[in-house]
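The values are calculated or read from the model by the stated rules, or taken from the named source; none is laboratory data. Since the model is a prediction, treat every value here as computed from it, not as a measurement. Here Cβ is always computed from backbone atoms with ideal geometry, including for glycine, and neighbour counts include all displayed protein chains.
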Amino acid sequence: MYTKINKMMKIQPAGGWPKYHSYYLKKKTSNIHQRNYIYMKHQYTKRQSSQKMVAAVTGKFFQDVKLPQQKTQDDGVLFPAVLSPNHNTDPTAVELHDFEEAIRAQKVWLESLLQKTGAILFRGFPVASPSDFDQVVKAFSYVEFPYFGGIAPRTKVVGRVYTANESPPHMGIPFHHEMSYAPDFPTKVFFYCDEEPGKGGETPIVLSHIIYEKMKEKHPEFVAQLEKHGLSYTDVINDEDDPSSFTGRNWKSKFNTDDKSIAEERAAKLGLKLEWIGNAVKLTSTPLPAIRFDKESRRKTWFNTIAVTYSDPAGKTFSSAGGKTVQIGNGDPVPDHAVEDYFKIVEEECVTIPWKKGDILLINNLMVLHGRRPLLKPPRRVLASLCK
């Protein structure tokens, strides 16, 4: 951006200043102090002009875009927000550095928009690689959330960027809040489309407070139990990744150790009761909140992983996440009909926008549930980054 600004201002960039040299000659001065004064005065003027130029550019950098898949909420707010480079800006002239600078300059506004809408889709920006995505995430200056205690198989790609989920892409992933099954979880999740899907493979999202309100209206007693007792999750994890499951991360990766005694210590810190079954381990969580109160939005949210871990009495698992079960914190079973209605509600209320190469989706993990549609036509590569 600064190179562009210099060109626009007709100021030669760093790397030699013949313009100043000619100016000094015209002034016919050999006094070193006078030359330094002239130079510093010009630098100050240039710096002030550059700052004004940067402010002007970033102030108009983003524009709202409307997509047919967006939904209008009761308060008139579109979900999600969709931002692209301003229509007065030539998109081909926008560089990654411009995008980063605009994020830094407009971070307060972007955070306000995220809190208002729950999710922001950035489309049409020059993000061409995982490294570019990493730079964009860093521009927000959020604290990185280490993926410790997670159940999804993931691999680090670069910097703060990981694969989103390495399970077979033809499998769908139910709606969930990231790591809502753990006492500590990220508050923001970034997704990046590195390879645009041929067909399918979308990342649907839905506002969690709407799910809470709909479920409370339809199943008030069940929701009251969730608010009072929470949910307890049970999981059986092997010592090797299970590539057939989107929750198939092995216990060595989960606890970042292959030492069973260390794994036991780390499980205890996560509030997990651990029981060894050969080389596998059975983990049972203490009851965790299933409904949370978001202080910023002043709303209650459906903050749990019930869709990922639920199985009916016959052993049928809605999510194909074998070995995982859930029950109400007081030991009561989760009612089948309530979960069936939950699945219907999230499908009715969700927004599904097809990915485009270079898209970045930022979601407020306290407000929004996300999932994955089955990939119908390859390729597809979506990466992720978690933040506090």
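Picking from Thr247, Thr187, Thr234, which residue would you name as being of a type in the set (S, T, N, Q), surrounded by fewer than 20 Cβ atoms within 10 Å (Cβ to Cβ) and under 20 Å from the mean Cα position of the chain (by Cα)?
Result: Thr187 is the single residue among Thr247, Thr187, Thr234 that is of a type in the set (S, T, N, Q), surrounded by fewer than 20 Cβ atoms within 10 Å (Cβ to Cβ) and under 20 Å from the mean Cα position of the chain (by Cα).
Could you tell me whether segment 142-164 includes any residue that is free of Cβ contacts under 8 Å to residues at least 24 places away in the same chain and among the basic types (Lys, Arg)?
Yes, the conditions are met somewhere in segment 142-164.
Which residue out of Glu240, Glu195, Glu227 is charged (D, E, K, R) and without any contact (Cβ under 8 Å) to a residue 24 or more places away in the chain?
Glu240
Of all residues in segment 265-276, how many are of a type in the set (Lys, Arg) and not in a helix (DSSP H, G or I)?
So the count comes out to 1.
In this structure, is Thr203 of a type in the set (Ser, Thr, Tyr), touching a Gly at 6+ places or on another chain (Cβ under 8 Å) and modelled with pLDDT of 95 or more?
Criteria met by Thr203.
Answer yes if at least one residue in segment 134-155 is of a type in the set (Lys, Arg), over 24 Å from Glu202 (Cβ atoms) and not in a helix (DSSP H, G or I), and no otherwise.
Within segment 134-155 (the criterion being of a type in the set (Lys, Arg), over 24 Å from Glu202 (Cβ atoms) and not in a helix (DSSP H, G or I)), the answer is no, since none of the residues qualifies.
Out of His97, His176, His170, which single residue is touching a strand residue (DSSP E or B) at 6+ places or on another chain (Cβ under 9 Å), of a type outside the set (Gly, Ala, Ser) and surrounded by 15 or more Cβ atoms within 10 Å (Cβ to Cβ)?
Every option except His176 fails the conditions.
Within segment 250-264, track down each residue that is exposed (fewer than 13 other Cβ atoms within 10 Å of the Cβ), touching a helix residue (DSSP H, G or I) at 6+ places or on another chain (Cβ under 9 Å) and in a helix (DSSP H, G or I).
Ile262
In segment 336-354, what count of residues is obtained for those that are among the polar types (S, T, N, Q) and in a helix (DSSP H, G or I)?
0
Could you tell me whether segment 188-205 includes any residue that is under 29 Å from Val281 (Cα atoms) and assigned to a loop (DSSP other than H, G, I, E, B)?
Scanning segment 188-205, I find no residue that is under 29 Å from Val281 (Cα atoms) and assigned to a loop (DSSP other than H, G, I, E, B), so the answer is no.
Could you tell me whether Gly118 is buried (at least 20 other Cβ atoms within 10 Å of the Cβ), closer than 30 Å to Ile211 by Cα and either touching a Phe, Trp or Tyr at 6+ places or on another chain (Cβ under 7 Å) or among the β-branched types (Val, Ile, Thr) (or both)?
It is true that Gly118 is buried (at least 20 other Cβ atoms within 10 Å of the Cβ), closer than 30 Å to Ile211 by Cα and either touching a Phe, Trp or Tyr at 6+ places or on another chain (Cβ under 7 Å) or among the β-branched types (Val, Ile, Thr) (or both).
Here is a check on your reading of the model: is Thr203 surrounded by fewer than 18 Cβ atoms within 10 Å (Cβ to Cβ) and within 18 Å of Gly118 (Cβ to Cβ)?
Against the criterion (surrounded by fewer than 18 Cβ atoms within 10 Å (Cβ to Cβ) and within 18 Å of Gly118 (Cβ to Cβ)), Thr203 does not qualify.
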